[in-house]
Amino acid sequence: MPLIEVTTFENEFSEDEKKEIIKAMTDTMVSFSGENLRSATWVVIREVKSGSWGIGGKALGLQDVRALQASK
């Protein structure tokens, strides 16, 4: 039974976006594991407080994500 964990910052995604993420992750897993496992595929979205996540010794926050999104 697949378990997919997605970690994001709090308030990074709306409730509708989280539903889309859950569906997309499930669809991707089912494309590998087969349709029979759709009902047994779990997706958990964990939200981390902004500033409580770091890379390379630097704490990052939601503002950093927003800056990356804006630089497209």
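The values are calculated or read from the model by the stated rules, or taken from the named source; none is laboratory data. What you see is a predicted model, and the numbers here were worked out from it, not measured in a lab. Here the Cβ is made from the backbone with ideal geometry for all residues, glycine too, and neighbour counts use every protein chain on show.
Among the residues of the stretch 1-16, which ones are within 22 Å of ALA40 (Cβ to Cβ) and surrounded by 12 or more Cβ atoms within 10 Å (Cβ to Cβ)?
Passing the criteria: PRO2, ILE4, VAL6.
Residues in the stretch 22-72 that are loosely packed, with under 13 Cβ neighbours inside 10 Å and touching a residue at least 12 places away in the same chain (Cβ under 8 Å): how many?
5
Exactly one condition in (1) of a type in the set (Lys, Arg); (2) surrounded by fewer than 12 Cβ atoms within 10 Å (Cβ to Cβ); (3) modelled with pLDDT of 95 or more is not met by LYS19; state its number.
All conditions pass for LYS19, except number (2).
Any idea how many residues of the stretch 32-72 are part of a loop (DSSP other than H, G, I, E, B), touching a Ser or Thr at 6+ places or on another chain (Cβ under 9 Å) and closer than 27 Å to PRO2 by Cβ? Steps first, please.
Of the residues in the stretch 32-72, the ones part of a loop (DSSP other than H, G, I, E, B) are 34, 41, 49-52, 56-57, 61, 71-72.
If we keep only those that are touching a Ser or Thr at 6+ places or on another chain (Cβ under 9 Å) as well, we get 41, 61.
Cutting the leftovers down to closer than 27 Å to PRO2 by Cβ gives us 41.
Adding up the residues that qualify gives 1.
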